[in-house]
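Student: I am attaching a structure below and will ask some questions about it afterwards.
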Amino acid sequence: MGTGRAASAMIRGYDPVPAVPRPRLMTPRPFLLSEQMAHYVRASSEAPDEVVRDLIAETAAMAERGEASATLQIGADQAAFMQLLTRALGVRRAIEIGTFTGLSALSIARGLPEDGRLLCLDLDPEWTAVARRYWDRAGVGERVELTLGPALDSLRALPAEPTFDLAFVDADKQGYAAYVAELHPRMRPDGVVLLDNTLRGGHVLEPATDDDRAIAELNVALAADPRWETVLLPLADGLTMLRRR
Ligand SMILES: C[S@@+](CC[C@H](N)C(=O)[O-])C[C@H]1O[C@@H](n2cnc3c(N)ncnc32)[C@H](O)[C@@H]1O
C-alpha cells in the first residue's frame, strides 16, 4: 500500500487538505490526533446524515450567539460510535445524564429498537427543547423521555427495577463518582456505562482544576473497583466503558 496522498485517496471522499474548510459544520477534533489524522478518521467512518449535520450547525450558531458552548456537544465520530454500540449491544433501556442539545441522545435513540426507551436527565429546558425538535425530526422522539432537574436527585428517585442496559454520563464532572455509584444497582449485569471526557484534554496527567481532579481520582478508583470491568478508550476526549460484573 502506498503512503501519504496516494494511500489517502483510496478512502472515498478523503482529501488530506480539504479545499473549503467548513468550521461550523466540523466537530472538534480529538486532541490525541493530528488535524490530518482526525480528518482521515472521519472520512473512514459513516458520514453524519442531514439531521446530525443540522444539529451540529444549530448548536454552533447558538454558541456564536453566546447561548451555549459548542464544545459541550460530543463529536460526530463519537455519535456514530455510540449509535453502533447501542445497536450492537441490543440495548432496550438506556439512560443519559447530560443531554444539552441532544446529539448523544439522538445517537442512542437511533440505535434502540422501536419499542426501546431512553431516559434523559438534564437541568436546562432551553437546550433540551432544541434536542426534542431533532429527536422528533429523526422520528425517534417517542423513544425518549426527558426529566428536568438535578440529575442526582432524578437518579436517586428511580427504582432499582427495571434495570438499564446502557448509561451515558456527560454532565458535571464532579458529579461523576456519585452518578456511577447510583447507576451501579440500576444496571443489569453486563450492562454498560459510558463516561465522557475522562482524559480531560490530557489534564488528567496534571490536574489543574477541580473537574480535572475529580475525573483523575475517579479513573484511579474505577480501575481498581472489582464491581466494574473498566476500559478507558482514547476516543474523542476519553470515553470510559464500564461493564457491570
Ligand atoms: C457536556 S453537556 C452534554 C452534551 C451532550 N451529551 C451532547 O451530546 O450534546 C452537559 C449537560 O449536562 C447538564 N448538566 C450539568 N450539570 C447537571 C446536573 N447537575 N444535573 C443535570 N444536568 C446537568 C447541562 O445542562 C448540559 O446540558
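Read-outs: derived from the displayed coordinates by stated rules, not from any lab. Everything quoted here is computed from the prediction, not taken from an experiment. No Cβ is skipped: glycine too gets one built from the backbone with ideal geometry, and neighbour counts run over all protein chains shown.
Student: Got a sec? How would Trp127, Trp135, Trp228 order by Cβ neighbour count within 10 Å, fewest to most?
Tutor: Trp127, Trp228, Trp135
Student: Related question: Multiply the residue separation of Phe31 and Glu206 by 0.36 nm, subtract the distance between their alpha-carbon atoms, and state the gained length in nm to one decimal.
Tutor: Value of the extension gain: 61.4 nm.
Student: Right, next: Name the shape class, rounded, prolate or oblate, that the alpha-carbon gyration tensor gives for segment 72-174, where a ≥ b ≥ c are the square roots of its eigenvalues, rounded holds for a/c under 1.5, and otherwise prolate holds if a/b is larger than b/c and oblate otherwise.
Tutor: Because its axes are fairly even, with a/c under 1.5, segment 72-174 counts as rounded.
Student: Further question on the same structure: For segment 187-245 and segment 135-181, what is the centre-to-centre distance using only Cα atoms, to the nearest Å?
Tutor: Measuring centre to centre over Cα atoms gives 17 Å.
Student: What is the gain in length, in nm to one decimal, between Gln174 and Leu89 on full extension, counting 0.36 nm per residue of separation less the C-alpha to C-alpha distance?
Tutor: Contour length minus Cα-Cα distance gives 27.8 nm.
Student: Give a residue-ordered list of calculated ³J(HN,Hα) values for segment 203-212 (Karplus: 6.51 cos²θ - 1.76 cosθ + 1.60, θ = phi - 60°; whole Hz; x for Gly, Pro).
Tutor: For segment 203-212, the Karplus curve yields 6, 5, 6, 9, x, 10, 10, 5, 5, 4 Hz.
Student: Once you have the alpha carbon radius of gyration of segment 70-244, what is it after dividing by 2.2 N^0.38 Å, with N set to its residue count?
Tutor: Here the answer is 0.96, to two decimals.
Student: On to the next question. Add -39500 (n - 2.57) for each DSSP H run of 4 or more in the chain, then divide by its residues: what number comes out at 222 nm, to the nearest 500 deg cm²/dmol?
Tutor: Helix contribution divided over all residues of the chain: -11000 deg cm²/dmol.
Student: By how many degrees, 0 to 90 and rounded to 10, does the Cα axis of helix 125-137 deviate from the longest principal axis of the chain?
Tutor: 70 degrees
Student: Stretch Ala224-Glu145 to full length: gain in nm at 0.36 nm per residue minus the Cα-Cα span?
Tutor: Full-extension gain reported as 25.1 nm.
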